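Everything below concerns the one structure shown next.
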Amino acid sequence: MSGFTYSLVKSIIKTGLYGYHKKIMVSGLENIPKNKPVMFLPNHQSALIDVLLIATDCNRKPFFLTRSDVFKGKLLKRIFSYFQMLPIYRMRDGRDTLSNNDAIFNSCADILYRGEALLLFPEANHNLRRRVRPLSKGFTRILIRTFERYPDLDVTLIPVGLNYKHADQFPDEVAIIYGKPISAKSMYNASDLNMTSRTIKNRVSLSLKQLTTHIPSVDKYEHIINRLSSDKVDFLNPVAVNKKVELYADEVADDFKSINEINNRNGLRWMFTLLNFPFIMVWRKWLKPKVPENEFMGTFRFAYTLLIYPIYLLLLFVVLSIFLSSKVALLVSVILIILNVWFVKKGLR
């Protein structure tokens, strides 16, 4: 992939992300080595948004492991390959497809040997619940394969905590926290690969539980999340939130009702909807009902905004130019953009 094309696409997506989110906070970038093999290991809540947030701000040019079922058709395969995406096969894709992972693991080992970066989700699935789920052994298999092929190589593991205020709502806020680097080679034991896998998973899991909100209790999850909502905690600060979680863990579950802080049923939201009525109605009536899961809500909404909003502005400009004048059309378009940015950053709560 040419550096210019990659930089252009990255700039467009990054601009879109910062325009779409009310706030994006990034910390811990100093933990990422610049010229060494790196494996980014984030928690996974918001489908493709998770990938884009890391890819645009991590100061590396990572390869991505992506579920194989999206690689359908020659065109999509070319596009995904162009953007350094590699298919990973799961049991749900068919037992006979799992053998394809062997070649993928070899490719990942070669990528790391070249000193490049790899991004994959160790939980191997996404979920909006604020807890770190059990980690899959897939990423440890890649590390073991790498050390078997390149015994003198070490790989730096960077756990990443993704902390959304309300991942399925708009506009949202997110804090991305890059954790302390972990030497994978220091945990590698060639004579006991099972122990190696368990040790690496435990170390990464512990780190992720400190970098994002982790509610360990399944039985008390609803009680604890309601208590956190009632206290209006700042989910962008997982250290403080996790202290609260510990306090609530011993409480008897009660009937606390969740308080959704982002309740945009106010005059400003009505005005925002009015100013963007055709654009918003197409989303609400056509695309939003097609979103398969809430975990995909942010991804679909962001993709729709990034692709369709410029078209909406162009059509608005053309229509106003025809009925009024190009100067008026340009003025209205610029004012609308400024107002929308203000609504996202300040007006909508």
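The values are calculated or read from the model by the stated rules, or taken from the named source; none is laboratory data. Model, not experiment: these values are computed from the prediction. Cβ coordinates were reconstructed from backbone atoms using ideal geometry, including for glycine residues, and neighbour counts include every protein chain displayed. Note: areas computed on protein heavy atoms with side chains; ligands, DNA, RNA excluded. Shrake-Rupley method; radii C 1.70, N 1.55, O 1.52, S 1.80 Å.
Applying the set (1) touching a helix residue (DSSP H, G or I) at 6+ places or on another chain (Cβ under 6 Å); (2) open to solvent by 20 Å² or more (accessible area, probe 1.4 Å); (3) among the aliphatic types (A, V, I, L, M); (4) in contact (Cβ under 8 Å) with a residue 60 or more places away in the chain to L162 leaves exactly one unmet item: (2). Among residues of the range 206-232 that are on the phi > 0 side of the Ramachandran plot, those with a Cβ under 8 angstrom from a residue that is open to solvent by 60 Å² or more (accessible area, probe 1.4 Å), sequence gap 6+ or separate chain, pair up as K232/I259; K232/E261. Filtering the range 1-18 to residues that are touching a residue at least 12 places away in the same chain (Cβ under 8 Å) and either of a type in the set (A, V, I, L, M) or crowded, with 18+ Cβ neighbours inside 10 Å (or both) leaves M1, V9, I12, I13, G16, L17. Any chance the range 173-189 includes a residue that's touching a helix residue (DSSP H, G or I) at 6+ places or on another chain (Cβ under 9 Å) and part of a helix (DSSP H, G or I)? Yes, the range 173-189 contains at least one residue that is touching a helix residue (DSSP H, G or I) at 6+ places or on another chain (Cβ under 9 Å) and part of a helix (DSSP H, G or I). When you check F139 against the structure, is it in contact with a Phe, Trp or Tyr (Cβ under 9 Å, 6 or more places away or on another chain), modelled with pLDDT of 95 or more and either farther than 20 Å from L52 by Cα or aromatic (F, W, Y) (or both), yes or no? Criteria not met by F139. You will find that of F317, F323, the residue that is among the hydrophobic types (A, V, I, L, M, F, W, C), at pLDDT 90 or above, out of contact with any helix residue (DSSP H, G or I) (no Cβ under 7 Å at 6 or more places or on another chain) and open to solvent by 40 Å² or more (accessible area, probe 1.4 Å) is F323 and no other. When we screen A103, A124 for residues that are within 20 Å of the chain's Cα centre (by Cα), at pLDDT below 90 and over 30 Å from W342 (Cα atoms), the only hit is A124. Taken together, D172, D234, D250 contain a single residue that is at pLDDT 90 or above, open to solvent by 70 Å² or more (accessible area, probe 1.4 Å) and not β-branched (V, I, T), which is D234. Going through the range 291-333 one residue at a time, which ones are within 16 Å of the chain's Cα centre (by Cα), part of a helix (DSSP H, G or I) and charged (D, E, K, R)? Of everything in the range 291-333, those that are within 16 Å of the chain's Cα centre (by Cα), part of a helix (DSSP H, G or I) and charged (D, E, K, R) turn out to be E295, R301.
Looking across the range 123-159, the residues that are open to solvent by less than 30 Å² (accessible area, probe 1.4 Å) and not in a loop (DSSP other than H, G, I, E, B) come down to G138, F139, T140, I142, L143, I144, T146, F147, T156, L157, I158, P159.
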